[in-house]
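Peer 1: Here you go, one structure.
The values are calculated or read from the model by the stated rules, or taken from the named source; none is laboratory data. Since the structure is predicted, the reported quantities are computational estimates derived from the model, not experimental observations. No Cβ is skipped: glycine too gets one built from the backbone with ideal geometry, and neighbour counts run over all protein chains shown. Ligands, DNA and RNA are stripped out before the accessible areas are found, and what is left, the full protein with its side chains, is counted by its heavy atoms. Shrake-Rupley method; radii C 1.70, N 1.55, O 1.52, S 1.80 Å.
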Amino acid sequence: MKQRIILLIAVISLFLGQFSHALSQELVVYSARKEHLIKPLFDEYQKQTGVAVKFLTDKAPALLQRLKAEGKNTPADMLITVDAGNLWHAAQENVLQPVESAILQTNIPSHLRDIDSQWFGLSVRARTIVYNTSAVNPAELSSYEELATPKWKNRLLLRTSKKVYNQSLVAMVISEHGEEKASAIIKGWIDNLAANPFSDDTKVLESVAAGLGDVGIVNTYYFGRLMNKNPDLPLALFWPNQETSGTHVNISGAGITKHTKNRDEAVKLLEWLSSENAQNLFADINMEYPVNSKNLPHPTVAAWGLFKQNLTNLTNAGAMQKQAVMLMDKAGYK
C-alpha cells in the first residue's frame, strides 16, 4: 500500500511539474504584422498549450535592424513579417536559422518556403489585376505583360516602386523573362500610366473606381477591405497569366531567430501556425489565403474565384530584388 501511495505521489508530481513548466514557458515574437492580426493567434495558442507569447510589432526593416543590433542577446524567438523579399533579407543578414520539420514541409507548399528552410509562408496574398467594371470587359485582359502594350495607354495605375510588394513582383518578372524582356515590360507599364504611382494599394483601387485609370495592380486583401466598406464600387479582380505561368503570389511568413533560447518551443509554435488549427485564424482576419491545402479560404475570399498560382519559388523574389530596383529606376518607375 505504501509503495502504491509513493508511486501515486511521484506521478502527480511529474504531472504538476510538466504543467507548471508549460505555464511558465514564454516565447517572444518580433512581428511586422500588426497587433490585431496576430494577437488572436497567440491568445489561442496560449489557450491550447499554456505557452504564453509576448510580441513586439514594427516595420520589417526596423525589426531586422533590432535583431542585428541585439545579436546573441536578443529575446526574440521568432520573426514574422510580410513579403518573401523581407524574409529573404533577414536570412541574408544571418538573423534566422534553418528548421528541418516534416510538419512544415507537409503543411506548406515548396514554392512558399525558403529553399534553405530558414523561412516559411503562413498565408498567401495574390498581387493581381483590378479593373473598373464600367470601363473594361474582362475579356480584354490576359497578363501582366499585356498591360505593357499600347492598348493600355493612359489606362494603367500602379503603386510606387518603393514598396517591397512591387519590387518582389518585378523580381519574379525578371526571374521568368530575364532582365532584357523584363525591362521592356516595366518600361511599357510606365509608358501606359494614367497618373503618377500612388503611395498605397487602396489609393490605386479608389482611383480605378473613380475612373482616373481603368486597371491597376494590387494585393487582393486591399480589394477585400475596400469592398467590405464600399460594396457598390465598380471594381473586380482579374487573375492574369492563367494560360502561362500563373498569377504572382507572395506571403506573410516567419522564421526562427538564430539566437533563440527556446528553439524547440519556437518550432512548435511555427508548426502550429501552419496547422489546420491556426491557418484560418491567420489568413481570414486579413482576407488572405491559407497556405495549408486542408484549409479553405474565408467565403468572401473564395467568392473571388479559383486561380492558378505562379509556382516559382519565392526565394527568387528576394534574390533578384536588387536587380528589380535597378531596373525600375532605369525605366523611370518612381
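Peer 1: Looking only at the stretch 115-135, count how many residues are open to solvent by 10 Å² or more (accessible area, probe 1.4 Å) and in a loop (DSSP other than H, G, I, E, B).
Peer 2: Here the count works out to 7.
Matching residues to (1) surrounded by 19 or more Cβ atoms within 10 Å (Cβ to Cβ); (2) out of contact with any strand residue (DSSP E or B) (no Cβ under 6 Å at 6 or more places or on another chain):
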| residue | (1), (2) |
| --- | --- |
| 156 | yes, no |
| 181 | no, yes |
| 186 | yes, yes |
| 209 | yes, no |
| 216 | yes, no |
| 240 | yes, no |
| 250 | yes, no |
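Peer 1: Would you confirm whether any residue within the stretch 147-155 is under 23 Å from the mean Cα position of the chain (by Cα) and farther than 25 Å from residue 290 by Cβ? Explain how you work it out, then say what you get.
Peer 2: Quick first cut of the stretch 147-155, residues under 23 Å from the mean Cα position of the chain (by Cα) only: none.
Taking every residue of the stretch 147-155 in turn, none turns out to be under 23 Å from the mean Cα position of the chain (by Cα) and farther than 25 Å from residue 290 by Cβ.
Peer 1: Please go through the stretch 306-319 and pick out each residue that is assigned to a loop (DSSP other than H, G, I, E, B) and either without any contact (Cβ under 8 Å) to a residue 40 or more places away in the chain or open to solvent by 30 Å² or more (accessible area, probe 1.4 Å) (or both).
Peer 2: First, the residues of the stretch 306-319 that are assigned to a loop (DSSP other than H, G, I, E, B): 306-308, 310-314.
306, 307, 308, 311, 312, 313 - these are the residues of the stretch 306-319 that are assigned to a loop (DSSP other than H, G, I, E, B) and either without any contact (Cβ under 8 Å) to a residue 40 or more places away in the chain or open to solvent by 30 Å² or more (accessible area, probe 1.4 Å) (or both).
Peer 1: If you take the residues in the stretch 54-92 that are assigned to a strand (DSSP E or B) and open to solvent by 20 Å² or more (accessible area, probe 1.4 Å), which one is farthest from residue 319 (Cα to Cα)? Explain how you work it out, then say what you get.
Peer 2: Filtering the stretch 54-92 for residues assigned to a strand (DSSP E or B) gives 54-57, 78-82.
From what's left, open to solvent by 20 Å² or more (accessible area, probe 1.4 Å): 54-57, 82.
Working: 54: 31, 55: 28, 56: 27, 57: 25, 82: 16 Å.
Of everything passing the filter in the stretch 54-92, 54 is farthest from residue 319 (Cα to Cα).
Peer 1: Got a number for residues in the stretch 42-53 being surrounded by 20 or more Cβ atoms within 10 Å (Cβ to Cβ) and outside any helix (DSSP H, G or I)?
Peer 2: Of the residues in the stretch 42-53, 2 are surrounded by 20 or more Cβ atoms within 10 Å (Cβ to Cβ) and outside any helix (DSSP H, G or I).
Peer 1: Oh, and also: I need the full set of residues from the stretch 280-293 which are in contact (Cβ under 8 Å) with a residue 60 or more places away in the chain and either over 9 Å from residue 123 (Cα atoms) or not acidic (Asp, Glu) (or both), in order please. Talk me through it step by step, then tell me what you get.
Peer 2: Looking only at the stretch 280-293, we keep the residues that are in contact (Cβ under 8 Å) with a residue 60 or more places away in the chain, and these are 281-283, 285-293.
Selection gives 281, 282, 283, 285, 286, 287, 289, 290, 291, 292, 293.
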